Every structure is written in structure tokens, then in C-alpha cells.
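The values are calculated or read from the model by the stated rules, or taken from the named source; none is laboratory data. It should be emphasised that the depicted structure is a prediction, and the values quoted were computed from it without experimental measurement. Quick reminder, even Gly has a Cβ in these numbers, built from the backbone with ideal geometry, and neighbours come from all protein chains shown. The area values use the complete protein model at the heavy-atom level, side chains included, leaving out ligands, DNA and RNA. Shrake-Rupley method; radii C 1.70, N 1.55, O 1.52, S 1.80 Å.
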Amino acid sequence: MDGIPRRGARRAWGSLEEEVLATLWSAEGPMPASAVQAEVGGTLAYSTITTILARLRAKGLVVRKLVGRSHLYAPAQDAAVHTAREMHSLLIRRDDRAAVLARFVSELSPEEEQVLAKLMAELSER
């Protein structure tokens, strides 16, 4: 279909948190919950957005500051840091990390392989 969840349809576990984080990462600066709601999808209840923001804040992924009478939200880290930490968290859960890494590398495109090779070369020069 068109990728838009239908009324009563459930999102994948954690996908709403990822949508909220993506919205904050793409923003010019801190945002009020109402702006996050508008960006993520106005069909979601305001309380749903504030609950997600509270959960992300409790996990240390979002920071909040009071400006006037409104709270503004911003990501605590950029998307690259977040993704790298998620990848590492998944990796350390497995006993055979070499097999996981080998499989990961085998799934890379030629362009991604070149980027990885360049990064590894730069790291070994340090």
C-alpha cells in the first residue's frame, strides 16, 4: 500500500520512537511537542507524542528544556551516534561476533565497502 498506517493498524515495535527521533534530527532546532505531532502525523494524539518524548527522554535519547511555558525537545545525540550505538548493542549480544561482522560486511554495497575500507585504513594509521 502507501505505507500510511490505517486506523486500528499497529506500527512496528519502536517505529514511532524512530519517527519522533527522525523528526527531531531533521529539525532546525528544539521543537515543542505540538510541532513534533504535526510532523509525525497529525492523526496521532498529542498525549501519544508526549508519552513517546517522555520515554525517549528517560532513555537519554532526548533532552527537554523549558522556554516560557513550553517544553522544547531536541535529540541528545545525532543520528550517526545513535545508529552506531544501536549497531554495537546488537553486536555485543551475540557470541560469534566475527560471524555477525562477516555477514554484515557481505551485505554491504560496493560503495559502502569502499567507505568502510577507507575508515579502517584511517583508523589503522592512528
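Provide the per residue accessible area, probe 1.4 Å, for the range 21-109, rounded to a whole number of square angstrom.
Ligands and nucleic acids excluded, the result is 67 Å² per residue.
Quick one: 3J(HN,Hα) in Hz for the range 64-74, Karplus 6.51/-1.76/1.60 with θ = phi - 60°, rounded, Gly and Pro as x.
Karplus values, whole Hz, x for Gly and Pro: 9, 9, 8, 10, x, 9, 10, 8, 10, 10, 8.
For the chain, just the Cα set please: Rg and Dmax, both in angstrom.
According to the Cα coordinates of the chain, Rg and Dmax are 18.4, 54 Å.
With springs connecting C-alpha atoms under 10 Å apart, model the chain as a Gaussian network and identify which of L61, L101, L72 has the largest mean-square fluctuation.
Result: L101 has the largest fluctuation of those listed.
Taking only Cα atoms and a 10 Å spring cutoff, compute GNM fluctuations for the chain and point out the largest among R55, R64, R93.
R93
Quick one: with all protein chains in place, what share of the accessible area of the chain is carbon or sulfur, to the nearest percent (1.4 Å probe)?
Taking all protein chains in place, the chain shows 55 percent carbon and sulfur surface.
Using +1 at the Cβ of each Lys and Arg and -1 at the Cβ of each Asp and Glu in the chain, identify which of L61, S47, S124 lies farthest towards the dipole's positive end.
Looking along the dipole axis, the top candidate is S47.
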